[in-house]
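Taking it in order: structure first as structure tokens, then the write-up.
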Amino acid sequence: MKEAVMYHYTALVTLLALMFYVFTSINVSRARIKHGVKLPAISGNEDFERVLRVQMNTLEFLPVFLPSLWLFAIYISDTIAASIGAIWIVGRVLYMIGYTKSVPQ
């Protein structure tokens with residue numbers, strides 16, 4: 001009987017990516033309160049719109065990122081897939097930091 005292959009590193013990176021998405025969603029809620037943007041509005045304050053755009057952009061890329069990550073892990077390498085995934089997460093964090101700064105900054 002064939003032994004099951006485990007993808008521990010890819011699973012960890014998947015969880016980190018999903019945790020980052022949850023974090024961006026929480027940031028949107030905080031920005032709504034801070035900038036007085038009431039539901040269901042998605043505009044009205046530029047600083048809020050940048051926070052929302054980071055969350056939505058992350059959501060838009062997850063359906064491409066996660067299957068690609070897992071296919072790479074299964075057919076190529078768990079370790080390399082996890083490394084690439086970690087780089088993607090770091091890139092998203094840097095994007096969030098840079099994009100959410102106010103215009104004067």
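The values are calculated or read from the model by the stated rules, or taken from the named source; none is laboratory data. What you see is a predicted model, and the numbers here were worked out from it, not measured in a lab. Because the Cβ atoms are built from the backbone with ideal geometry, glycine has one as well, and the counts that use them run over all protein chains shown. Ligands, DNA and RNA are stripped out before the accessible areas are found, and what is left, the full protein with its side chains, is counted by its heavy atoms. Shrake-Rupley method; radii C 1.70, N 1.55, O 1.52, S 1.80 Å.
Tabulated data for the structure shown
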item: Among Val5, Ile89, Phe48 - extreme Cα towards positive end, dipole of the chain, charges at beta-carbon; result: Phe48
item: ³J(HN,Hα), Karplus 6.51/-1.76/1.60, whole Hz, each residue of segment 50-62, x for Gly, Pro; result: 5, 5, 5, 5, 4, 5, 5, 5, 5, 4, 5, 8, 4
item: Value of Rg/Rh across the chain [Cα atoms, Kirkwood radius]; result: 1.11
item: Euclidean distance of C-alpha centroids, segment 49-92 and segment 18-40, integer Å; result: 21 Å
item: Simple label model, 7 Å out from Cα along Cβ direction - Leu12 to Glu49, nm; result: 4.1 nm
item: Solvent-accessible heavy-atom area per residue, rounded to whole Å², over the chain at 1.4 Å; result: 68 Å²
item: Linear extension gain, Ile74 paired with Val5, 0.36 nm per residue minus alpha-carbon span; result: 24.0 nm
item: Mean Cα-pair separation over length for segment 1-91, i.e. relative contact order, pairs under 8 Å, 6 or more apart, %; result: 40 percent
